[in-house]
Every structure is written in structure tokens, then in C-alpha cells.
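The values are calculated or read from the model by the stated rules, or taken from the named source; none is laboratory data. Values in this document were obtained by computation on a predicted structure and should not be read as measured data. Using ideal geometry, Cβ is built from the backbone for each residue, glycine included, and neighbour counts are taken over all protein chains shown.
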Amino acid sequence: MPESVTNTSSKASKGSMLAAALAAVGASLCCIGPLVLISLGISGAWMGTLTALEPYRPIFIGITLIFLFLAFRKLYIVPRQCAPGDACAIPDTLRNQRIIFWVVTVLVIALLTFPYYGLIFFE
């Protein structure tokens, strides 16, 4: 198999996980943004306007779940097509990609659910 096909496959998997993480950050920006600013010592009345992204939260959550599904599909469902000697043919590479996927998934879920448990930090 040509090297460009295997590189594209690996880049697609990494891209899906990165896109899911960025969408999760976007979905939780209205809630985590003020907490980060307060923890850095930045405050002010204008911080109340940071909730402007709240109406878009369901859209970001949907995008996040789609990209997580695509990454899961790439790592567990779609069979790998690697030539012997390619990086994707090494079992450790797949194992490392799966570990990174689950770490990112846990972090993404923590970001998505922050509005429900984040109130603990503000009390």
C-alpha cells in the first residue's frame, strides 16, 4: 500500500480526535471561560457577557460527539490497511492511539459535563 494512503489514514484519526477536543472546548467555553479567568485573578462585570455562546452549546456538543464517533470508528471498526513495515502495522502504534483516544474522550466528557458539576467551584 502506498505510504500516502497510510499517512492519510493516520492523519484522519488524529484529526478526528483533535476536532472532537476543540468542539468540546467550544461547547464548554461559556462555563469554563469565567472559571479560568477568575482563577487567573481576572474579574469584572464584563465576564457576565461570556455566556453569549450558550445558545450554540448543543451544536458544539453534537459536533463533538460526531468527531468522537468518527475517531472510535477509525480505531475499532474500520479494518487497518497497512503494508508490512509501515508505522500503522506496528501493534504498539494502535495501542497508543487507542490510549490517547480514551484519554481525550474522558477529558472531552469532563468538559461537556462541566456546567453540571462546575457549580461546586463557584460556591
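Here are some notes:
Residues checked against (1) surrounded by 12 or more Cβ atoms within 10 Å (Cβ to Cβ); (2) under 17 Å from Gly15 (Cα atoms); (3) in contact with an Asp or Glu (Cβ under 9 Å, 6 or more places away or on another chain); (4) at pLDDT 85 or above:
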| residue | (1), (2), (3), (4) |
| --- | --- |
| Phe60 | yes, yes, no, no |
| Ala71 | yes, yes, no, yes |
| Asp86 | yes, no, yes, no |
| Asp92 | no, no, no, yes |
| Ile99 | no, yes, no, yes |
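- Any hit, the stretch 21-42, residues being farther than 28 Å from Ile99 by Cα, surrounded by fewer than 18 Cβ atoms within 10 Å (Cβ to Cβ), at pLDDT below 70 and in contact with a Cys (Cβ under 9 Å, 6 or more places away or on another chain): no
- Tally, over the stretch 73-84, of residues that are touching a Ser or Thr at 6+ places or on another chain (Cβ under 8 Å) and either under 15 Å from Thr113 (Cα atoms) or modelled with pLDDT of 85 or more (or both): 2
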